[in-house]
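Here is the structure we will look at.
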Amino acid sequence: MNIFDEPKIDCHNHLFDPARFAYHPDAPYAPSGQEVATLEQFNRVMEAYGVQHALLVGPNSGYHTDNRCLLHALAVGQGRFKGVAVVDPGITLDALAALQAQGVVGVAFNPALYGVASLDAVDGLFGKLAELDLFAQVQVCEDQLLALRGLLQRTSARLLIDHCGRPDVRAGVQQPGFQALLQLAGSGRASVKLSGMQKFAAADALLAQSSAYVHALIEAFGPDACVWGSDWPFIRQRARVDYGPLLKLAERLMPDAQLRRKVMWDTPRRLFGFA
């Protein structure tokens with residue numbers, strides 16, 4: 001059995017369907033052309049590669065805080081999907097609970113795009129996430145975690161860090177931001193996505209440039225706190241990215257089948273409540 005036949009859950013992907021759900025006027029980027037990615041298209045991708053479930057992430061691009069496209073997919077997916085929403089920092093507990101009832105398991109925060117100051121006033125929201133046992137999903141890059149350590153240490157919310165922390169591959173695993181990510185493993189309430197290698201490594205050197213970081217994360221967090229994601233449909237990429245080669249990359253990064261089973265199936269099923 002190879003990775004294409006093994007059970008899998010894709011824990012980072014996005015939908016863009018402007019014909020059905022118009023983009024938000026405040027979105028920082030409007031995906032178009034080959035970046036448009038409907039639920040029907042993603043279902044075909046999942047079926048082609050043997051992906052049983054997916055954690056759909058509400059994107060800042062296109063939809064900002066408009067979660068209609070995400071919630072539609074959750075509603076019609078018959079349990080195939082869970083979701084991570086993008087919300088206004090002032091959202092009420094009742095409104096968060098209503099999202100949770102529709103299959104949302106967390107809220108996304110993106111200092112990699114908006115800067116660390118965008119999390120200056122989210123303690124209240126993090127508290128609501130903790131009350132509902134929802135994830136705070138955080139995408140950082142390079143050394144941004146250093147500025148966020150206080151927030152992440154004092155919150156009791158469950159944490160989910162995107163894309164291996166998006167390290168600077170020129171700086172090595174000892175760079176302060178990546179070491180801060182490894183230290184989060186000791187909190188017992190943080191998990192990490194082994195995803196988005198194409199966001200921090202060169203397109204023609206994904207394995208060589210990402211392997212040290214992936215292996216360090218697996219060692220620190222353990223397979224019970226690591227999940228895999230594709231980042232489909234790969235918007236704003238400078239070079240072509242395809243789903244199949246990313247699965248083969250995951251197989252090379254995790255050559256042990258039992259480890260892959262944990263990271264790509266058992267752990268996301270438990271963390272996100274897939275049937």
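The values are calculated or read from the model by the stated rules, or taken from the named source; none is laboratory data. This one's a predicted model, so the numbers in the text were calculated from it and none came from an experiment. Quick reminder, even Gly has a Cβ in these numbers, built from the backbone with ideal geometry, and neighbours come from all protein chains shown.
Sort out which residues of the stretch 63-115 are among the charged types (D, E, K, R) and in contact (Cβ under 8 Å) with a residue 40 or more places away in the chain, and write them in order of number.
Within the stretch 63-115, the subset among the charged types (D, E, K, R) is 66, 68, 80, 82, 88, 94.
Matches in the stretch 63-115: Asp66, Arg68, Lys82.
Suppose we filter Gly62, Gly106 for residues that are crowded, with 16+ Cβ neighbours inside 10 Å and either touching a His at 6+ places or on another chain (Cβ under 8 Å) or more than 24 Å from Ala180 (Cβ to Cβ) (or both); which single one remains? Can you show your working first?
Details: Gly106 fails: either touching a His at 6+ places or on another chain (Cβ under 8 Å) or more than 24 Å from Ala180 (Cβ to Cβ) (or both).
So the residue among Gly62, Gly106 that is crowded, with 16+ Cβ neighbours inside 10 Å and either touching a His at 6+ places or on another chain (Cβ under 8 Å) or more than 24 Å from Ala180 (Cβ to Cβ) (or both) is Gly62.
In the stretch 159-179, is there at least one residue being at positive phi, in contact (Cβ under 8 Å) with a residue 40 or more places away in the chain and not in a helix (DSSP H, G or I)? Working first, answer last.
Going residue by residue through the stretch 159-179, those that are at positive phi are 163-166, 172.
Okay, now just the ones that are also in contact (Cβ under 8 Å) with a residue 40 or more places away in the chain, so 163-166, 172.
Okay, now just the ones that are also not in a helix (DSSP H, G or I), so 166, 172.
Yes, the stretch 159-179 has at least one match.
Can you tell me how many residues in the stretch 7-29 are surrounded by fewer than 16 Cβ atoms within 10 Å (Cβ to Cβ), over 19 Å from the mean Cα position of the chain (by Cα) and either within 17 Å of Pro268 (Cβ to Cβ) or not acidic (Asp, Glu) (or both)?
Within the stretch 7-29, the subset surrounded by fewer than 16 Cβ atoms within 10 Å (Cβ to Cβ) is 7, 18-20, 22, 25-26, 28-29.
When the remaining residues are screened for being over 19 Å from the mean Cα position of the chain (by Cα), the result is 18-20, 22, 25-26.
Those still in the list that are either within 17 Å of Pro268 (Cβ to Cβ) or not acidic (Asp, Glu) (or both) too: 18-20, 22, 25.
Qualifying residue count, the stretch 7-29: 5.
Based on this model, can you work out whether Glu142 counts as among the charged types (D, E, K, R) and either on the phi < 0 side of the Ramachandran plot or crowded, with 23+ Cβ neighbours inside 10 Å (or both)?
Details: among the charged types (D, E, K, R): yes; either on the phi < 0 side of the Ramachandran plot or crowded, with 23+ Cβ neighbours inside 10 Å (or both): no.
It is false that Glu142 is among the charged types (D, E, K, R) and either on the phi < 0 side of the Ramachandran plot or crowded, with 23+ Cβ neighbours inside 10 Å (or both).
Of all residues in the stretch 213-265 being free of Cβ contacts under 8 Å to residues at least 60 places away in the same chain and β-branched (Val, Ile, Thr), which is nearest to Gln41 (Cα to Cα)?
Val241
This table checks each residue for (1) part of a loop (DSSP other than H, G, I, E, B); (2) modelled with pLDDT of 95 or more; (3) in contact with a Phe, Trp or Tyr (Cβ under 7 Å, 6 or more places away or on another chain).
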| position | (1), (2), (3) |
| --- | --- |
| Gly62 | yes, yes, yes |
| Asp66 | yes, yes, no |
| Leu96 | no, yes, no |
| Val107 | no, yes, no |
| Leu113 | no, yes, no |
| Gly124 | no, yes, no |
| Lys128 | no, yes, no |
| Glu131 | no, yes, no |
